[in-house]
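Accompanying notes for the structure given below.
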């Protein structure tokens with residue numbers, strides 16, 4: 001039996017829950033969960049904000065742990081190996097996107113917390129293909145958020161072959177945005193943090209931003225016209241997107257990784273005249289996750305985290321709901 005924490009209905013507190021996972025599939029591994037990040041997506045799923053949550057619902061998709069069993073067909077991972085598991089716990093491994101290495105775009109990919117019990121538990125299972133070994137130099141105590149938030153902001157750097165000379169703006173210096181600042185600084189880019197918070201301005205500069213821009217100042221946005229090669233939006237709220245598009249250089253890109261639910265209103269002339277683009281992306285493939293972990297190890301990048309014991313999961317959720325996370329929360333099965 002696997003011991004976990006689950007919600008029985010939308011928005012409810014999590015309570016102890018046990019389930020029998022059945023026999024280990026030939027292509028699966030079982031992981032002893034040592035810690036698991038708490039992501040805003042866990043809250044969205046808990047509240048059924050996206051409309052496809054199944055209950056009882058076990059959240060948790062930023063898992064760090066140790067492999068304790070491997071299926072009969074698994075040769076890439078070994079018992080005792082330190083690993084991580086993110087948003088996806090499996091792929092079809094047969095479609096064009098999987099065969100092209102873009103497993104994260106597989107239409108049949110299995111989310112870790114949708115139709116599958118997640119990592120707020122003592123154990124979790126996943127297809128070996130979706131599990132990535134932690135390299136030396138990555139701190140396992142803080143690595144969990146890299147497997148969702150971290151790869152979400154790292155993936156565009158790889159997908160668009162972002163040059164180190166790029167001028168990049170980041171909208172929202174929170175759970176996603178603070179990791180984007182750290183990655184982009186190490187990538188070599190000029191980094192501007194869009195924020196109206198004086199406290200976050202100071203912290204963004206400490207984390208590697210070269211500049212800050214007051215996101216509530218229309219004058220500041222106007223003065224930045226034509227400046228940025230890439231703007232990465234990590235927020236889930238509606239903004240004046242035309243004003244941000246105006247700050248893009250010719251061939252610049254406004255890229256969404258924050259899941260705003262409201263339609264994006266844009267005038268096409270702002271795009272056509274300067275050949276600008278608007279795009280979005282999800283988490284990365286296992287290959288890109290590995291690349292991110294190697295990059296993080298080389299440059300000593302880790303998320304800024306707070307740790308709660310797994311038993312205090314509801315207190316941690318309340319802190320995230322209240323905007324008190326600094327900047328990511330990790331639930332630990334070993335912390336007291």
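Where a number appears in this text, it was derived from the coordinates with a stated rule and is not lab data. Note that the structure is predicted; figures quoted are calculated from it, not measured. All Cβ positions, even for glycine, are placed from backbone atoms using ideal geometry, and neighbour counts span all protein chains on display.
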- Task: Place a label point 7 angstrom from the Cα of residue 274 along the Cα-to-Cβ direction, then list the residues of the stretch 196-231 whose backbone nitrogen is under 16 Å away.
- Result: 218-231
- Task: Beta carbons within 10 angstrom, averaged per residue: use that to sort the peptides 327-334, 258-265, highest first.
- Result: 327-334, 258-265
- What does the highest-first list of 176-185, 247-256 look like by mean Cβ count within 10 Å? 176-185, 247-256
- Per-pair calculated FRET efficiency, R0 = 45 Å: residue 55 and residue 75 via Cβ, rounded to 0.05: 0.80
- Query: Normalised by the number of residues in the chain, what is the relative contact order in percent for Cα pairs under 8 Å and 6+ residues apart?
  - Reply: 18 percent
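According to the square roots a ≥ b ≥ c of the eigenvalues of the Cα gyration tensor, what is the shape class of the stretch 294-336, taking rounded for a/c under 1.5, prolate for a/b larger than b/c otherwise, and oblate for the remainder?
On the way: a/c = 4.00, a/b = 1.69, b/c = 2.36.
Judged from the Cα gyration tensor, the stretch 294-336 comes out oblate (a/c at least 1.5, b/c at or above a/b).
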- Over the stretch 150-280, what is the relative contact order in whole percent, taking alpha-carbon pairs under 8 Å and six or more residues apart? 20 percent
- Residues of the stretch 293-336 with amide nitrogen under 17 Å from the 7 Å Cα-to-Cβ point of residue 13? 309-322
- Message: What is the distance in Å between the Cα centroid of the stretch 104-143 and that of the stretch 2-76?
- Response: 9 Å
- Could you grab the relative contact order for the stretch 27-130? Cα pairs under 8 Å, six or more apart, rounded to a whole percent. 36 percent
- Message: What does DSSP give for the stretch 150-280 in terms of the percent of beta bridges that are antiparallel, rounded to the nearest 5?
- Response: 0 percent
- Query: Going 7 Å from the Cα of residue 48 toward and past its Cβ, which residues in the stretch 1-25 have a backbone nitrogen under 16 Å from where you end up?
  - Reply: 7-14
- The helix 149-159 Cα axis meets the longest alpha-carbon principal axis of the chain at an angle in degrees, between 0 and 90 and rounded to 10, of 60 degrees
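For the chain, rounded, prolate or oblate, judged on the Cα gyration tensor with a ≥ b ≥ c (square roots of eigenvalues), a/c < 1.5 rounded, else prolate if a/b > b/c? Show your work: numbers first, answer last.
On the way: a/c = 1.80, a/b = 1.61, b/c = 1.12.
It is prolate, given that a/c is not under 1.5 and a/b is the larger ratio.
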- the stretch 154-309: C-alpha pair distances exceeding 19 Å, %: 53 percent
- Query: If you take every DSSP beta bridge whose two residues both sit in the chain, what share of them, in percent to the nearest 5, is antiparallel?
  - Reply: 55 percent
- Query: By its C-alpha gyration tensor, with a ≥ b ≥ c as the square roots of the eigenvalues, how is the stretch 52-108 shaped: rounded for a/c under 1.5, else prolate for a/b larger than b/c, else oblate?
  - Reply: oblate
- Among 89, 100, 277, determine the one that fluctuates most according to a GNM of the chain built with springs between C-alpha atoms less than 10 Å apart. 100
- Message: Distance between the C-alpha centers of the stretch 196-271 and the stretch 158-180? Whole Å please.
- Response: 11 Å
